[in-house]
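Below is one structure, written out as structure tokens; the observations come after it.
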Amino acid sequence: MTTTIPTKRQTNLEMASHVYKTLRRTRPTTRQDLRNYVKVFLGISVPDKRICPEHNSPMDYLWHSFSADFPDLRATGHEQRAMKNADAVIWANRAGGKTELAAVATLLDCIFKPNCQVRILGGSGEQSSRMYEYLTGFLHHGFDEFLSGPALKGKCRFTNNSTVEVLTQSPTSVRGQHIQKLRCDEVELFDEDVFAAAKFTTQSTANLLAAMELISTMHRPYGLMQRVVASAPQFGTPVFKWCVWEVIEKCIGRTCSQCPLWPDCQGRAKHANGYLKIDDCITQMRRASRAGFEAEMLCKRPSLENVVFAEFDPAVHVQPIDYDPSLPLYRTLDFGFVNPFVCLWIQVDNAGVIRVIDEYIRSRATIDVHAAEIKTRTLCAEEQVAATFCDPAGAGVNDVTGTSIVRELRTLGILTRFRRSRILEGIELVRRAIRSGDGRSSLLISPQCPRLIEAMQCYHYPDPATTAAPQELPLKDGIYDHPIDALRYFFINQKNNQKTTARRY
């Protein structure tokens, strides 16, 4: 019997293999450790530079997702110490690595967070499968030792009792889930009922914070992703946003003045450290419309193809405006109970510029509550209000109460006027104020009117894909139409003030 004595080279290889295996099982303890871990063991260089001042880097999102469940990692940031959950919104460009990065986050959760239950929910079956395919690809390249059995088509289990499962885009699939992490990919494509059900699936445990991660490009200004991003500050949910400049490769040796990307880039790519090929970005820009490139790659704003007021620009039409006692003050109302009741305060200056200075929007309150709030927020005496315009439907007598909203408001000290008109007439007047035929604007809205500003950007026509024929009238969605209706009543009545009806009831 012969004994084989290992050579020094073999010994060194065995030691290196042991160290490599040990490091793969070692939890990263800093942000840089995490980036190095992903680079070494997955071969992915996660971009870690914020190029646009108002954006984040992809690494910001990955660190947030990973560190949320480790108090020792969160101890360096005051805002993270106060986390009640690990929710996040990820708004990024096409080819921005969103899905692959979410798969990396899923792998890290399952390796370093025992008993972590993760579910993947895509806007389509194909989208869900894409994230899971990234994950299984990682597993088959050295991470399969962490599995307790073979990775199945839509589910896998780890030795520490963590699991990953793909959900289908249906309320039945989502309901009944009690998990820690839910990753929703391409939220813009979600069914509303599925999204509503998904909100109730995550639950924290003693060691794991519940997290619902909403991941998407923003395609439509009135879509689900737009609403998610708009409401995130209200709930304290961080929004991680990046565009092509955070993920493009570093520009070396190119002449800026001759580059088609220069008008948008302005030298940003020279500071980048991403992976997207510059030539590919140039090709995509040339293939796409300008609006499409801005929405899909620059994440400036979504496509405005179906929007009613496409020329409304917050940079132009939103400015700080104070009440001017020397100008007449108007109010305009749209009635609602389940749908919101709206009041706008408006002044018109000597140059004819319409200045919306405040808004009041509230649902499920009685007319006396609204009247009290309106009078409290009106910055002049009631008798000094030039006019209060309203929805003509408010003059209709309610079969149950035997009175009308107009009559109730009069009893409460608010006199209203109205004029019947077609919806399109009012829309055209608003459009003319946004931008007239000679290119001038005569509409300004105060930042104190966030719901109206949002409505101006999101008021839209029905989706052509869901209607048999193109629709002339905008969609009455119960969200954006009410602030616009109130604004429309002002334009109709102010234009025809001499014909405005004032009635006693």
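Would you call Glu213 at negative phi, assigned to a strand (DSSP E or B), among the acidic types (Asp, Glu) and buried (at least 18 other Cβ atoms within 10 Å of the Cβ)?
Details: at negative phi: yes; assigned to a strand (DSSP E or B): yes; among the acidic types (Asp, Glu): yes; buried (at least 18 other Cβ atoms within 10 Å of the Cβ): yes.
Judged against the criteria, Glu213 is a match.
For the condition touching a Cys at 6+ places or on another chain (Cβ under 7 Å) and farther than 21 Å from Pro474 by Cα, what is the one hit in Asp358, Asp368, Asp438?
The unique qualifying residue is Asp358.
Hey, among Gly394, Gly426, Gly402, Gly413, which residue is over 30 Å from Pro314 (Cβ atoms), surrounded by 15 or more Cβ atoms within 10 Å (Cβ to Cβ) and assigned by TED's automatic domain parsing to the domain that holds Pro450?
Answer to the selection: Gly394.
Which numbered condition in (1) without any contact (Cβ under 8 Å) to a residue 12 or more places away in the chain; (2) in a loop (DSSP other than H, G, I, E, B); (3) closer than 20 Å to Tyr489 by Cβ is the only one that Leu415 fails?
In the conditions (1) without any contact (Cβ under 8 Å) to a residue 12 or more places away in the chain; (2) in a loop (DSSP other than H, G, I, E, B); (3) closer than 20 Å to Tyr489 by Cβ, Leu415 misses (1) alone.
Within segment 248-266, can one find any residue that is under 30 Å from Gly123 (Cα atoms), out of contact with any Pro (no Cβ under 7 Å at 6 or more places or on another chain) and either in a strand (DSSP E or B) or touching a residue at least 60 places away in the same chain (Cβ under 8 Å) (or both)?
Within segment 248-266, one or more residues are under 30 Å from Gly123 (Cα atoms), out of contact with any Pro (no Cβ under 7 Å at 6 or more places or on another chain) and either in a strand (DSSP E or B) or touching a residue at least 60 places away in the same chain (Cβ under 8 Å) (or both).
Restricting attention to segment 323-344, and to residues there that are without any contact (Cβ under 8 Å) to a residue 40 or more places away in the chain and farther than 24 Å from Lys476 by Cβ, which single residue is surrounded by the fewest Cβ atoms within 10 Å (Cβ to Cβ)?
Ser326
Scan Ile357, Ile278, Ile361 and give me the residue that is touching a Ser or Thr at 6+ places or on another chain (Cβ under 8 Å) and at pLDDT 95 or above.
None of the other options fit; the residue is Ile357.
State yes or no: is Ala86 on the phi > 0 side of the Ramachandran plot, under 26 Å from the mean Cα position of the chain (by Cα) and part of a loop (DSSP other than H, G, I, E, B)?
no
Write out, first by first residue and then by second, each pair whose Cβ atoms fall under 8 Å of each other, whose residues are 6+ apart or on separate chains, and whose first residue, in segment 123-135, is in the same structural domain as Leu107 (by TED's automatic domain parsing) while the second is hydroxyl-bearing (Ser, Thr, Tyr) and part of a helix (DSSP H, G or I).
Between residues of segment 123-135 that are in the same structural domain as Leu107 (by TED's automatic domain parsing) and residues that are hydroxyl-bearing (Ser, Thr, Tyr) and part of a helix (DSSP H, G or I), the close pairs are Gln127/Thr99; Arg130/Thr99; Met131/Thr99; Met131/Thr106; Tyr134/Thr99; Leu135/Thr106.
Can you tell me which residue among Leu135, Leu147, Leu182 is surrounded by fewer than 22 Cβ atoms within 10 Å (Cβ to Cβ), touching a strand residue (DSSP E or B) at 6+ places or on another chain (Cβ under 9 Å) and of a type outside the set (Lys, Arg)?
Within the list Leu135, Leu147, Leu182, the selection yields Leu147.
Can you name the residue in segment 342-366 that is β-branched (Val, Ile, Thr) and under 33 Å from the mean Cα position of the chain (by Cα) and is also nearest to Ile484 (Cα to Cα) among such residues? It would help to see each step written out before you state the result.
Going through segment 342-366, the residues β-branched (Val, Ile, Thr) turn out to be 342, 346, 348, 353-354, 356-357, 361, 366.
Checking which are under 33 Å from the mean Cα position of the chain (by Cα) leaves us with 342, 346, 353-354, 356-357, 361, 366.
Details: Val342: 9, Ile346: 14, Val353: 18, Ile354: 14, Val356: 12, Ile357: 15, Ile361: 12, Thr366: 21 Å.
Going through the qualifying residues, I end up with Val342.
For segment 149-174, give me each residue that is among the small types (Gly, Ala, Ser) and more than 18 Å from Cys116 (Cα to Cα).
Scanning segment 149-174 gives Ser170, Ser173.
For segment 237-276, which positions are under 30 Å from Met83 (Cα atoms) and of a type in the set (A, V, I, L, M)?
Val239, Val244, Val247
Criterion first (of a type in the set (Asp, Glu), closer than 25 Å to Thr26 by Cα, under 24 Å from the mean Cα position of the chain (by Cα) and in a helix (DSSP H, G or I)) does Glu100 satisfy it?
Considered against the rule, which asks whether it is of a type in the set (Asp, Glu), closer than 25 Å to Thr26 by Cα, under 24 Å from the mean Cα position of the chain (by Cα) and in a helix (DSSP H, G or I), Glu100 comes out as yes.
Only one of Arg119, Arg74 is surrounded by 22 or more Cβ atoms within 10 Å (Cβ to Cβ), of a type in the set (Lys, Arg) and either modelled with pLDDT of 90 or more or assigned by TED's automatic domain parsing to the domain that holds Thr205 (or both). Can you tell me which?
Arg119
Return yes when Leu208 is aliphatic (A, V, I, L, M), in a loop (DSSP other than H, G, I, E, B), at pLDDT 95 or above and in contact with a helix residue (DSSP H, G or I) (Cβ under 9 Å, 6 or more places away or on another chain) and no when it is not.
Numbers: aliphatic (A, V, I, L, M): yes; in a loop (DSSP other than H, G, I, E, B): yes; at pLDDT 95 or above: yes; in contact with a helix residue (DSSP H, G or I) (Cβ under 9 Å, 6 or more places away or on another chain): yes.
Yes; evaluated as a whole, the condition is true for this residue.
The values are calculated or read from the model by the stated rules, or taken from the named source; none is laboratory data. A quick note: this is a predicted structure, and the numbers were derived from the prediction, not measured. Every residue, glycine as well, gets a Cβ built from its backbone with ideal geometry; the counts of neighbours run over all protein chains shown.
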